[in-house]
Amino acid sequence: VDLSDYKVESDIALATTLPSRWYTSPEFLEEERRRIFHRSWQYVGSLHWLTKPGDHFSVEIQGEPVVITRDKAGTLRALSNVCRHRAGPLADGHGCSPSLQCKYHGWTYDLDGRLRGAPEFEGVRNWDKGNVRQPEFHLETWGPLIFVNLEADCRPLAETLGAIPQETEAMGIDPAHYRFVFRRDYVIQCNWKVYVDNYQEGYHLPIAHPQLFREVDYSRYSVENAAHYSRARAPVRAAQGTAPRQYGEAAGTEALYYWIFPNLMINVYPDNLSTNLIVPLDHQTTLTSFEWFVPKDSPIGAGLPPPTYWPLSRPFKEPEGTIPEDLQKTIAFSHQVQVEDIFLCESVQRALRSRTYDKGRLSAKRENGVHHFHKLVHQALSAN
Ligand code: FES
Ligand SMILES: [Fe+2]
């Protein structure tokens, strides 16, 4: 794609936003799939789904079918979910079995991807069962989160996460001891970058999120950029007057909000951790999946029936009455903010097709996160 209509400025005081075309044309998403989503660490699901040997689940990374497996020795793998025979699926959703059997003609594979059986394949020449093996992708974990990178010579996950593990540790949080409790999805009629732009600044708080604005100390709201992520700090404000407050008691505590390139947000609170994965369904439709995690010994959600697996690549409809009672306030508050953001993102997406608008300028004080994101997108699209 032609990138010449965006001029990279390292100084935000000179920078513009990305041109409208970058948000409205399907060719950009095609290029982003190849150069951004297929080359970065992608969050695919949590260890919640892989507790026993033989546990496995299927997921797609922007069109690439992958199956995540745990073998008897406990090794986790990300294998291609495309059968070497005629491209059938080895797994559909979650399962637990000592091997993977293709849903088409029943070829069976070990959990490390080696072909074990191909029924009625005697007499086929120049083909050796012993050489057939499912391609494997890089897999790493941080706490309960499983990440996959499709790029053969990718850099380690630790490089992407930078100081995030140390910073959460300094908050007294060890994500290794967290468990998944709840998921809520939203499908939004906007390009994925419109949603990320919106997340990357607090500039819209006073106008767009009046309730949230009351909760945080806007004058101290700040965004700092690191190589592969941004971190927002939003100190909780001391209670004022009698207006109902979400985090009234928690004044003085600080939450950490990370955006990790390209499409994962992680919100770290003293008592829970939540992720928000941004998945482009097409160039103007975006799935955002929120998942909540709590400390393993926390009673939150303990009485609920175990959730059924649903891939993060497809919209999930939460069953009624499954919100853990102790999380209801947190989820309702996040829902309110999300509804306000959806209104803005969808309006912006329609408006980016306006004949009167192409790009705008950025607040040097408040939109450094947006500027960082735009530079990373440009850099990834211009890399060979
Ligand atoms: S496609 Fe898998 S067995 Fe035929
Ligand atoms: Fe917002």
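Here, each number is a calculation from the coordinates, and none is a lab measurement. Since the model is a prediction, treat every value here as computed from it, not as a measurement. Cβ placement follows ideal geometry from the backbone for every residue including glycine, while neighbour counts extend to all protein chains displayed.
On a 0 to 90 degree scale, rounded to 10, what angle separates helix 368-382 from the longest Cα axis of the chain?
30
Quote to one decimal, in nm, the extra length available between residue 121 and residue 296 on full extension: 0.36 nm per residue of separation minus the C-alpha distance between them.
58.2 nm
So which GluC sites (Glu not before Pro) in the range 119-154 end up in coil per DSSP with only 16 or fewer other C-beta atoms within 10 Å?
When the GluC sites (Glu not before Pro) of the range 119-154 are filtered for loop state and at most 16 Cβ neighbours within 10 Å, 120, 122, 151 remain.
Net charge around residue 42, counting only other residues with Cβ within less than 13 Å of its Cβ (Lys, Arg = +1; Asp, Glu = -1)?
Net local charge, residue 42 excluded: -3.
Using DSSP to call loops (not H, G, I, E or B), can you name the trypsin sites (Lys or Arg not before Pro) in the range 1-94 whose Cβ has at most 12 other Cβ atoms within 10 angstrom?
Qualifying residues, ordered by number: 7, 72, 86.
Hey, which of these cross-link pairs are over 21 Å Cα-Cα: 7/193; 193/317; 52/317; 193/375; 329/365; 193/329?
Over 21 Å apart, Cα to Cα: 193/317; 52/317; 329/365; 193/329.
Could you state the angle between the C-alpha long axis of helix 328-351 and the longest principal axis of the C-alpha atoms of the chain, as a value from 0 to 90 degrees rounded to the nearest 10?
Taking Cα atoms only, the helix is inclined about 90 degrees.
Local charge sum around residue 53 (other residues, Cβ-Cβ under 9 Å, Lys/Arg +1, Asp/Glu -1)?
The answer is +1.
So for each of 375-381, 327-333 I average, over its residues, the number of other beta carbons within 10 Å; can you give me the resulting order with the highest mean first?
Put in order of decreasing packing, that is 375-381, 327-333.
As a check on your grasp of the helix formula, calculate [θ] at 222 nm for the chain: sum -39500 (n - 2.57) over DSSP H runs of n ≥ 4, divide by the residue count, round to the nearest 500.
After summing the helix terms and dividing by the residues of the chain, the value is -6000 deg cm²/dmol.
Calculate, in nm to one decimal, what residue 285 and residue 254 gain on full extension: separation in residues at 0.36 nm each, minus their alpha carbon distance.
Gain in length upon complete extension: 7.9 nm.
About the Cα centre of the chain, how large is the charge dipole given +1 on each Lys and Arg Cβ and -1 on each Asp and Glu Cβ? Please answer in debye to the nearest 20.
420
Calculated FRET efficiency, residue 358 and residue 176, Cβ-Cβ r, R0 56 Å, to nearest 0.05?
0.75
Would you please give the FRET efficiency between residue 207 and residue 152, computed as 1/(1 + (r/R0)^6) with r the Cβ-Cβ distance and R0 = 35 Å, to the nearest 0.05?
0.15
For the chain, which cysteines have no disulfide-compatible partner, meaning no other cysteine Cβ under 4.7 Å?
96, 154 - these cysteines have no disulfide-compatible partner (Cβ-Cβ under 4.7 Å) in the chain.
Hey, can you rank 255-263, 191-199 by average C-beta count inside 10 Å, highest first?
Going by the mean number of other Cβ atoms within 10 Å, highest first, we get 191-199, 255-263.
Can you put 217, 11 in order, fewest other beta carbons within 10 Å first?
Least crowded to most crowded, the residues run 11, 217.
For the range 187-201, what does the Karplus curve 6.51 cos²θ - 1.76 cosθ + 1.60, with θ = phi - 60°, yield as ³J(HN,Hα) per residue in whole Hz, taken in order and with x for Gly and Pro?
Computed from phi, the couplings for the range 187-201 are 9, 10, 7, 7, 5, 4, 6, 5, 5, 5, 3, 5, 5, 7, 9 Hz.
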